[in-house]
Ligand code: ADP
């Protein structure tokens with residue numbers, strides 16, 4: 001289609017018929033081109049070839065705004081092939097997103113208003129191509145910085161001057177535009193910098209007089225001129241105080257090409273001097289001479305003044321630093337030494353130079369290193385720090401320093417100055433002092449502690465006998481606190497003792513000597529109690545032997561005194577007792593074999609002086625029959641240390657025989673050797689006689705008792721047989737002859753049987769009674785409840801017959817003879833039923849705990865007993881009733897009593913006639929336990 005359209009552009013086709021070579025380049029006038037075109041009439045392809053040689057994108061449209069030619073550069077730029085666009089009016093697509101006229105469209109239409117409208121910026125007739133227009137257009141959205149295009153557009157006219165088409169060429173000027181912009185910006189920045197800089201900037205000529213080409217406002221200001229224009233009126237040389245300086249400056253500049261930081265003394269508009277620092281660079285002409293000079297000027301008057309002052313002060317300061325006795329160094333926060341004075345170097349034993357760069361840590365003790373961080377922290381916070389530290393020098397000797405550090409600069413690692421003052425001697429002294437102070441303190445506190453805790457009273461009095469110091473013991477003796485004493489006189493604190501005290505003090509002041517004495521009196525501590533002290537009063541003298549006070553020590557001996565008196569009294573009492581008791585005291589000194597006697601010995605030894613006695617003389621009083629016994633006892637005591645105890649007969653001076661109980665004990669010396677034997681001897685003749693008589697009576701009694709028991713046993717036992725015979729024959733007699741005999745005879749037989757039966761009962765009871773003690777002890781745990789159950793069971797018939805009731809609750813288990821316990825309760829219960837005329841005899845059996853004992857009680861509601869009968873009822877064969885009233889043998893309670901006593905218990909009763917009886921027996925806990 002495109003090709004067809006090309007053909008249709010007949011105008012061009014016709015006009016560009018001939019091939020020809022012609023030059024198409026920028027700057028070629030379109031009219032020339034048109035002329036050439038007219039002349040040569042080259043064909044369109046040829047023209048295309050020519051355009052294709054151009055590096056600029058170019059295209060041609062015809063009068064109908066259709067693309068006729070589209071060169072290679074255009075293809076590259078637009079990425080649209082000429083074959084695709086030729087013949088169309090789509091050339092706008094290269095530049096715009098929607099259809100709008102391109103420059104060439106407006107130019108061929110000669111629409112100048114449109115041109116102005118669509119290309120408002122920089123659209124103007126071209127200076128280079130006549131009749132052509134140029135414009136620049138910015139496309140902000142093309143490329144990273146947008147795109148600037150520069151267009152050149154011209155019309156193509158025919159011979160008649162009619163417009164037959166248009167030619168548009170353009171160039172991408174983005175790079176140039178950006179560079180221009182940047183340059184402009186930087187120039188602006190630079191200008192504003194120069195304008196606003198505090199530093200003076202100038203450009204001048206290099207001839208000796210020198211003319212200013214340009215200066216900035218700061219330059220004018222530095223020299224006191226109102227504006228750059230004003231200063232530019234003068235010559236450069238006019239600024240110099242010394243003309244030679246300018247000459248020198250130019251020479252150096254000529255030689256070096258540039259000068260940096262040259263200090264120059266110049267003068268201001270008001271002729272005052274000004275120190276400046278000038279840096280300048282020469283700009284050379286091609287021929288080698290200096291075209292102009294650019295330079296910068298800085299007012300350094302203040303800096304130089306400050307530097308001079310600093311230098312001065314540094315000099316002064318260094319001379320101080322060097323001359324002070326202290327060590328001085330400058331270091332950073334880490335401790336790296338930057339500078340130091342000689343003294344510091346000497347302290348560490350190094351040369352000054354050696355120390356620069358070394359770290360202070362190398363000389364610090366571990367102790368110092370441990371608190372280094374804290375010191376640095378404090379220094380950073382406060383700016384200064386003072387501390388004590390120890391430093392070890394090259395020789396290894398440690399010195400102590402008082403160190404004062406302060407910050408000079410916080411920048412970087414910091415800059416710190418430290419002054420070190422050697423305080424080793426002071427430290428050592430302090431240490432020594434501390435040590436001795438500690439020692440003294442310790443000793444003082446020891447003394448103080450001893451003083452205060454001393455069991456005896458101690459105090460210091462001044463010359464007016466006022467308390468300066470007092471310990472706890474004495475304060476307690478006086479009855480006040482130690483503090484209450486201080487400053488008070490003895491008269492105020494111990495008025496009862498003050499008179500004695502004042503007398504002692506007087507003596508001390510007169511003689512200057514210590515006084516010891518016993519003191520008696522009362523103090524507030526024990527109201528009214530007279531107490532005794534042993535007191536020592538010692539004068540305290542100053543260096544000129546003047547008495548300045550009194551040291552007093554007091555030991556209370558009240559109790560000792562009392563004890564002594566009590567001892568004396570008790571000894572006296574003992575002596576009187578012994579003497580009163582007729583006791584002889586004897587002391588046998590074993591070592592020198594001397595016997596000494598006291599008390600009632602005169603009966604034995606006879607009146608007159610006591611003869612010298614030894615062991616053998618002592619034994620000579622002993623009855624020959626007891627001698628062996630006595631000697632053995634002595635030996636045993638001496639040998640085994642046993643107490644000596646012997647009963648012996650003695651023969652007195654008057655030949656009478658006396659029983660003596662002699663007791664003794666060995667007293668040993670410190671080495672454990674028997675030293676003395678002491679003892680007493682008691683005349684027991686009377687006791688002995690009684691005792692012997694008693695023994696005899698007992699023996700006789702025992703024998704008769706045994707005989708009696710034997711008799712009772714034998715009698716009751718042996719009587720059983722003939723009695724049984726009598727009874728059985730009487731029964732037989734009754735059986736056979738009862739109805740054959742007269743009534744009297746029958747009555748006699750009946751009496752005889754009755755008597756025999758009673759006798760049998762009595763004999764049985766007597767046998768039981770005699771057997772009680774004969775029985776060998778068979779004690780075991782007995783549950784009384786069981787016994788009562790058994791009895792209730794056995795007496796069932798009697799109980800029923802008598803309508804009796806037996807009550808018993810929980811009863812203890814006791815240790816006893818089971819059979820005898822049955823006997824005991826049986827007798828008591830049967831009596832309670834028997835001696836009872838109530839319709840319902842009732843018996844209560846209880847046991848009650850009293851202390852450790854069990855008290856058993858058998859209580860009935862029977863006829864009761866007249867208390868006047870006393871213990872008669874417990875005696876054998878003793879009855880209160882005739883057999884007609886109540887049957888019985890009178891042995892029941894005797895058996896009960898004997899059983900009770902055999903167990904070690906006791907029986908009693910309480911009763912009133914008609915009010916029932918209570919029988920008691922106690923079972924002691926102790927016995928119960930033992931049984
Ligand atoms: P006996 O019952 O065989 O007469 P005892 O020795 O048992 O002999 O009693 C002695 C006497 O004590 C009795 O004759 C009686 O008078 C009196 N007696 C004993 N127990 C009781 C009692 N529970 N109540 C009243 N009197 C009693």
Report summary line: Only one of 892, 888, 916 is within 10 Å of the ligand (Cβ to nearest atom), on the phi > 0 side of the Ramachandran plot and modelled with pLDDT of 90 or more, namely 916
Query raised in the report: Taking region 313-369 on its own, how many of its residues are buried (at least 19 other Cβ atoms within 10 Å of the Cβ) and assigned to a helix (DSSP H, G or I)?
Result: 10
Requested in this report: State all residues of region 83-105 that are free of Cβ contacts under 8 Å to residues at least 40 places away in the same chain and either farther than 24 Å from residue 143 by Cβ or assigned to a loop (DSSP other than H, G, I, E, B) (or both); if no residue qualifies, say none.
Outcome: 89, 90, 96, 97, 98, 99, 100, 101
Query - Odd one out for residue 412 among (1) exposed (fewer than 13 other Cβ atoms within 10 Å of the Cβ); (2) touching a residue at least 60 places away in the same chain (Cβ under 8 Å); (3) under 42 Å from the mean Cα position of the chain (by Cα) - result: (3)
Query raised in the report: Is it the case that region 54-61 has a residue that's part of a loop (DSSP other than H, G, I, E, B) and at pLDDT below 85?
Result: yes
Requested in this report: For residues that are outside any helix (DSSP H, G or I) and more than 6 Å from the ligand (Cβ to nearest atom), tally how many sit in region 865-877.
Outcome: 4
**Report entry** Listing of helices (runs of 4 or more DSSP H) fully contained in region 419-499 that carry 2 or more residues being at pLDDT 90 or above
**Finding:** 472-478, 482-485, 490-493
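For (1) more than 16 Å from residue 683 (Cβ to Cβ); (2) at pLDDT 90 or above; (3) in contact with a strand residue (DSSP E or B) (Cβ under 6 Å, 6 or more places away or on another chain), each residue gets a yes or a no:
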| position | (1), (2), (3) |
| --- | --- |
| 619 | yes, no, no |
| 625 | yes, yes, no |
| 633 | yes, yes, yes |
| 640 | yes, no, no |
| 646 | no, yes, yes |
Query raised in the report: Given the residues 917, 911, 882, which is the only one that is under 23 Å from residue 758 (Cα atoms) and not assigned by the TED database to the domain that holds residue 759?
Result: 882
Requested in this report: Please go through region 568-588 and pick out each residue that is modelled with pLDDT of 85 or more and either under 54 Å from the mean Cα position of the chain (by Cα) or under 30 Å from residue 477 (Cβ atoms) (or both).
Outcome: 568, 569
Query - Criterion (over 19 Å from residue 298 (Cβ atoms) and in a helix (DSSP H, G or I)) met by exactly one of 252, 229 - result: 229
Query raised in the report: For region 711-719, does any single residue satisfy the condition of being surrounded by 15 or more Cβ atoms within 10 Å (Cβ to Cβ), closer than 11 Å to residue 760 by Cβ and modelled with pLDDT under 85?
Result: yes
Requested in this report: Look at region 114-142 and say how many of its residues are part of a loop (DSSP other than H, G, I, E, B) and either exposed (fewer than 12 other Cβ atoms within 10 Å of the Cβ) or out of contact with any helix residue (DSSP H, G or I) (no Cβ under 8 Å at 6 or more places or on another chain) (or both).
Outcome: 9
Report summary line: Taking region 63-74 and keeping residues crowded, with 24+ Cβ neighbours inside 10 Å and in contact (Cβ under 8 Å) with a residue 60 or more places away in the chain leaves 68
Report summary line: The residue that is nearest to residue 674 (Cα to Cα), considering only those in region 638-657 that are in contact (Cβ under 8 Å) with a residue 40 or more places away in the chain and part of a strand (DSSP E or B), is 647
Report summary line: Note on region 844-864: residues within 16 Å of the ligand (Cβ to nearest atom), crowded, with 19+ Cβ neighbours inside 10 Å and part of a strand (DSSP E or B) are 845, 856, 858, 859, 860
Report task. Could you check residue 811 against (1) surrounded by fewer than 13 Cβ atoms within 10 Å (Cβ to Cβ); (2) touching a residue at least 24 places away in the same chain (Cβ under 8 Å); (3) more than 10 Å from the ligand (Cβ to nearest atom); (4) outside any strand (DSSP E or B) and say which number it fails? Result -> (1)
Query - Candidates 822, 858, filtered to the one that is within 26 Å of residue 773 (Cβ to Cβ) and touching a strand residue (DSSP E or B) at 6+ places or on another chain (Cβ under 7 Å) - result: 858
Query - Close pairs from region 909-921: first touching a residue at least 60 places away in the same chain (Cβ under 8 Å), partner more than 9 Å from the ligand (Cβ to nearest atom) and assigned to a loop (DSSP other than H, G, I, E, B), Cβ under 8 Å, at least 6 apart - result: 921/905
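The values are calculated or read from the model by the stated rules, or taken from the named source; none is laboratory data. Everything numeric in this text was worked out from a predicted model, so none of it was measured. FYI the Cβ positions are ideal-geometry reconstructions off the backbone, even for glycines, and counts take in every protein chain you see.
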